[in-house]
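S.K.: Encoded as structure tokens, here's the structure I'll be asking about.
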Amino acid sequence: MPALTEAIHSQYDSILILDFGSQYSHLITRRCRELNVYCEMLPCTQKISELDWKPSGIILSGSPYSVYDEGAPRVDPAVFEAGVPVLGICYGLQEIAWNHGGKVDPHDRREYGKAVIDVVKTGNTRMDRLFKDEPSQVPVWMSHGDQLSKLPDNFKVIARTPTAPFAAIAHETKDIFGVQFHAEVTHSPRGKELFSAFIDICGVRRDWNMGTFIEKEVARIREFVGPTARVLGAISGGVDSSVAAKLMHQAIGDRFHAVMVDNGVLRAGEAKQVDEMLNKHLGVNVTIVDASDLFLSRLEGVEDPEQKRKIIGNTFINVFEAEAAKLEKQAEEEEAEAKGSGSQHEPKGKYEFLLQGTLYPDVIESISFKGPSATIKTHHNVGGLLADMKLKLIEPLRELFKDEVRELGKLLGIPAHLVGRHPFPGPGLAIRILGPVTRSQVAILQAADSIYIEEIRKGGFYDQISQAFAVLLPVRAVGVQGDKRTYDQVIALRAAQTTDFMTATWFNFPHDFLSNLSNRITNEVTGINRVVMDISSKPPATIEWL
Ligand SMILES: Nc1ncnc2c1ncn2[C@@H]1O[C@H](COP(=O)(O)OP(=O)(O)OP(=O)(O)O)[C@@H](O)[C@H]1O
Ligand SMILES: O=c1[nH]c(=O)c2[nH+]cn([C@@H]3O[C@H](COP(=O)(O)O)[C@@H](O)[C@H]3O)c2[nH]1
Ligand SMILES: NC(=O)CC[C@H](N)C(=O)O
Ligand SMILES: [Mg+2]
């Protein structure tokens, strides 16, 4: 949906982050946004001449590569001619040096972890601006095996460590800076100040906040949708789509209609709960469509996780398009009836758009510079779309992180219990049932999941956990229940703690809580005789099992 996402650049000054594949790249985005500056990450292969917006500054990320490796990712040299400030971080610094006649070599003393830099004042105010508010010594976090062995032409050292004589460099006459350390990680305690200084150098306005976002976004949506077209909303009851729906309702009122699809792999009682919740709290028109037979028949016998995701993504679109046609027909009939009875009735336009609550992390994995080969999993709402879909997408939250969406939700007056809901993926229980999805497997998982979430709420843990759910493992294990031998399946419990869902740790429940939970699940859910706890972080695991 290019038109609506590009428009953001006309509203906010933007910083471009070029991603060379570092595991910390997205954190650079977060640090700038925390400083109220809009920024966007694109693959490092992005050509400056092919950008349809003008960045006010450019940041080059770190990378697992070495600049001298064959096939190492290369920056478009036009970056240095764009006339805007450039900051290179780790590999980014090395890439700046490589492009300006410096030398980079593997070093016998690799630096991983904490280090302290000595700031070097050059006396040149242009160069000293990056560290202008820093003390003479600054703790930082390093992660590199290569080092500059020769300064590039026209650059000077602005910080060093005992083992890295070129820990930070600056160009004498252009605003080009490089730092060897990772200013974006929280282990560099003054990293935020460094980004703040770079933002000052870029001279950008610091007006990115959720308050101005609402105002600008509502205006942007109105313009984009036009005066008569209608929008169908894909609404799950989750935070993202609820916030998107509220924003859309604010922008176009009754021309917005929400559709919640029961895909047969929702949690127990969810369709009914969402119906009540949307009506009560959001005040939007909502239709619940029971398409469970269609989804489950298409999923029959499918085990492969990516195939499940694509089937679900495609089927969602089929259902939305059918629903749009139905709603349009209904509206035409109502209009005809109103005309017949002579009452005033303003004609409405066609359903031209589909609103989705897609977030930045849903798309971020697919924009890695390595291209599609690095896709970890296809989010149903990004990679599972139909190529020939007729409805045009509107995704107002596509550039936002989860915590930004939650803040937006609060500002829009959505109740805290809704804003604080754990996320639930669109492909639902289908990606939590390993192996084929059947109605009976869904019922087993729904029962176990309900007990788990109920106990978490009772124990007061819900708000300390970012996302908790049960997973059904279709392996069979032997058990003894009521003196009888059982040969049943296993439930795995996951509880992830994370701020941005890009990395996560597992939540440590008290043992007595776990033992009670395990008892309840094996006693109350027929077909389960074992409960195991998932104690994997992300990475190496992901949050969902499929
Ligand atoms: N059952 C559903 N019916 C209609 N649309 C859905 C359904 N499930 C997901 N979607 C669409 O897919 C998008 C992405 O789903 P996702 O789970 O990431 O977001 P969410 O459900 O809105 O919020 P949360 O992440 O808190 O669960 C949703 O914003 C919504 O537009
Ligand atoms: O709507 C969604 N459609 C999807 O296809 C999808 N896949 C993962 N998720 C959610 O994304 C977050 C990160 O999940 P992973 O660590 O498993 O990638 C977690 O919150 C997951 O629940 C999805 N949400
Ligand atoms: N974190 C990085 O960007 C590392 C860059 C390069 N691979 C090095 O080891 O020095
Ligand atoms: Mg959801």
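S.K.: Which of rounded, prolate or oblate describes segment 107-226 when judged by the alpha-carbon gyration tensor and an a/c cut-off of 1.5?
M.R.: prolate
S.K.: Quick one: length gained pulling Asp463 to Lys216 fully straight, 0.36 nm per residue minus the C-alpha distance?
M.R.: 85.8 nm
S.K.: Just to verify a number: FRET efficiency for Ala78 and Asp483, C-beta to C-beta distance, R0 = 60 Å, to 0.05?
M.R.: Working from the Cβ atoms, E equals 0.20.
S.K.: What ³J(HN,Hα) values, in whole Hz, does the Karplus curve 6.51 cos²θ - 1.76 cosθ + 1.60 give for segment 31-40 when θ = phi - 60°, with x put for Gly and Pro?
M.R.: With coefficients 6.51, -1.76 and 1.60, one gets 4, 5, 5, 4, 8, 6, 10, 6, 9, 9 Hz.
S.K.: For segment 202-350, which semi-axes, largest first and in whole Å, follow from the square roots of 5 times the eigenvalues of its Cα gyration tensor?
M.R.: The three semi-axes for segment 202-350 are 29, 26, 15 Å.
S.K.: Based on the alpha-carbon gyration tensor of the chain and its eigenvalue square roots a ≥ b ≥ c, which shape applies: rounded if a/c is under 1.5, prolate if not and a/b is larger than b/c, or oblate?
M.R.: oblate
S.K.: Also, quick follow-up: From the phi of every residue in segment 315-321, what ³J(HN,Hα) in whole Hz does the Karplus formula 6.51 cos²θ - 1.76 cosθ + 1.60 yield, where θ is phi - 60° and glycine or proline is x?
M.R.: In residue order, the calculated couplings are 5, 3, 5, 4, 5, 4, 5 Hz.
S.K.: Right, something else. So between Lys339 and Met533, what do we pick up on full extension, going 0.36 nm a residue minus the alpha carbon distance?
M.R.: Length difference between fully extended and current span is 63.6 nm.
S.K.: So for Val120, Val67, fewest C-beta neighbours within 10 Å to most, what's the order?
M.R.: Least to most surrounded, the residues fall as Val120, Val67.
S.K.: Now a separate question. Just grab the label-to-label distance for Asn519 and Ser66, each label 7 Å out from Cα along the Cβ direction, in nm (one decimal).
M.R.: About 5.9 nm, to one decimal.
S.K.: Could you tell me how many degrees, from 0 to 90 and to the nearest 10, lie between the Cα long axis of helix 402-411 and the main elongation axis, the longest principal axis, of the Cα atoms of the chain?
M.R.: For 402-411 against the chain, the angle is about 70 degrees.
S.K.: So if each residue of separation counts as 0.36 nm, and I subtract the Cα-Cα distance between Leu51 and Thr122, what length gain in nm does that give?
M.R.: 22.1 nm
S.K.: Rounded to the nearest 0.05, what FRET efficiency do Thr526 and Asp153 give with R0 = 60 Å and r taken as the Cβ-Cβ distance? Could you check?
M.R.: Efficiency, rounded to the nearest 0.05: 0.20.
S.K.: So for segment 458-546: antiparallel DSSP bridges make up what percent, rounded to the nearest 5?
M.R.: 75
S.K.: So, in segment 71-207, how many Lys pairs have Cα atoms under 21 Å apart, if the pair is 8 or more places apart or on different chains?
M.R.: 14
S.K.: Can you give me the angle between helix 239-252 and the longest principal axis of the chain, using Cα atoms only, in degrees from 0 to 90, rounded to the nearest 10?
M.R.: Result, in degrees: 90.
S.K.: When the C-alpha atoms of segment 1-85 are aligned to their principal axes, what extent does each axis show, in angstrom, from largest down?
M.R.: Over segment 1-85, Cα extents along the principal axes are 40, 28, 27 Å.
S.K.: What is the helix-to-structure angle for 511-524, meaning the angle in degrees between its Cα long axis and the longest Cα principal axis of the chain, kept from 0 to 90 and rounded to the nearest 10?
M.R.: Here the helix axis deviates by roughly 30 degrees.
S.K.: If we count other beta carbons within 10 Å of each Cβ, what is the order of Ser241, Ser297, fewest first?
M.R.: Lowest to highest Cβ neighbour count: Ser297, Ser241.
S.K.: Among DSSP beta bridges lying fully in the chain, give the percent that are antiparallel, nearest 5.
M.R.: 50
S.K.: Still on this structure, please answer the following. What lysines does Lys216 reach when the alpha-carbon gap must be under 21 Å and sequence neighbours fewer than 8 apart in one chain are set aside?
M.R.: Excluding near neighbours in sequence, the set is Lys54, Lys246, Lys392, Lys402, Lys410.
S.K.: Which of Cys32, Cys202 has the fewest other C-beta atoms within 10 Å, and how do the rest follow up to the most?
M.R.: Ascending number of Cβ neighbours within 10 Å: Cys202, Cys32.
S.K.: Under the rule that a partner needs its Cβ under 4.7 Å from the first Cβ, which Cys of the chain have none?
M.R.: Cysteines of the chain left without a disulfide-compatible partner: Cys44, Cys90, Cys202.
S.K.: Percent of Cα-Cα pairs more than 29 Å apart in segment 4-202, please.
M.R.: Counting pairs separated by more than 29 Å, the tail of P(r) holds 14 percent.
S.K.: Based on alpha-carbon atoms only, what is the radius of gyration of segment 234-287 relative to the globular estimate 2.2 N^0.38 Å?
M.R.: 1.07
S.K.: Taking the C-alpha atoms of segment 129-195, how large are the radius of gyration and the largest Cα-Cα span, Dmax, in Å?
M.R.: Gyration radius and largest Cα-Cα distance of segment 129-195: 11.7, 32 Å.
S.K.: Separate question: Please state the charge dipole magnitude for the chain, taken about the Cα centre, from unit charges on C-beta atoms (+1 on K and R, -1 on D and E), reported in debye and rounded to the nearest 20.
M.R.: Magnitude of the dipole: close to 820 debye.
S.K.: Pull up the DSSP beta bridges for segment 4-202 and report the antiparallel fraction as a percent, rounded to 5.
M.R.: In segment 4-202, approximately 55 percent of DSSP beta bridges are antiparallel ones.
S.K.: For a bin width of 5 Å, list the pair-distance distribution of segment 437-525 built from all Cα-Cα distances, rounded to whole %.
M.R.: So the P(r) values, bin by bin, are 3, 12, 22, 23, 18, 13, 7, 2, 1, 0.
S.K.: Which value, in debye to the nearest 20, describes the size of the charge dipole of segment 210-420 about its Cα centre when Lys and Arg Cβ atoms bear +1, Asp and Glu Cβ atoms bear -1, and nothing else is charged?
M.R.: So the dipole magnitude of segment 210-420 works out to roughly 420 debye.
S.K.: Show me the ranking of peptides 166-172, 333-339, 538-544 by mean Cβ neighbours inside 10 Å, starting with the highest.
M.R.: Output ranking for 166-172, 333-339, 538-544: 166-172, 538-544, 333-339.
S.K.: Still on this structure, please answer the following. Which shape class applies to segment 388-465: rounded if a/c is under 1.5, otherwise prolate when a/b exceeds b/c and oblate if not, where a ≥ b ≥ c are the square roots of the Cα gyration tensor eigenvalues?
M.R.: Oblate, because a/c is 1.5 or more while a/b does not exceed b/c.
S.K.: Give me the percent relative contact order of the chain, please, defined on Cα pairs under 8 angstrom at least 6 residues apart.
M.R.: Result for the chain is 11 percent.
Read the figures in this text as sums done on the coordinates, not as results from a lab. Because the structure is predicted, anything quoted here is derived from the model rather than measured. Glycine also receives a Cβ, built like all others from the backbone with ideal geometry; neighbour counts cover every protein chain displayed.
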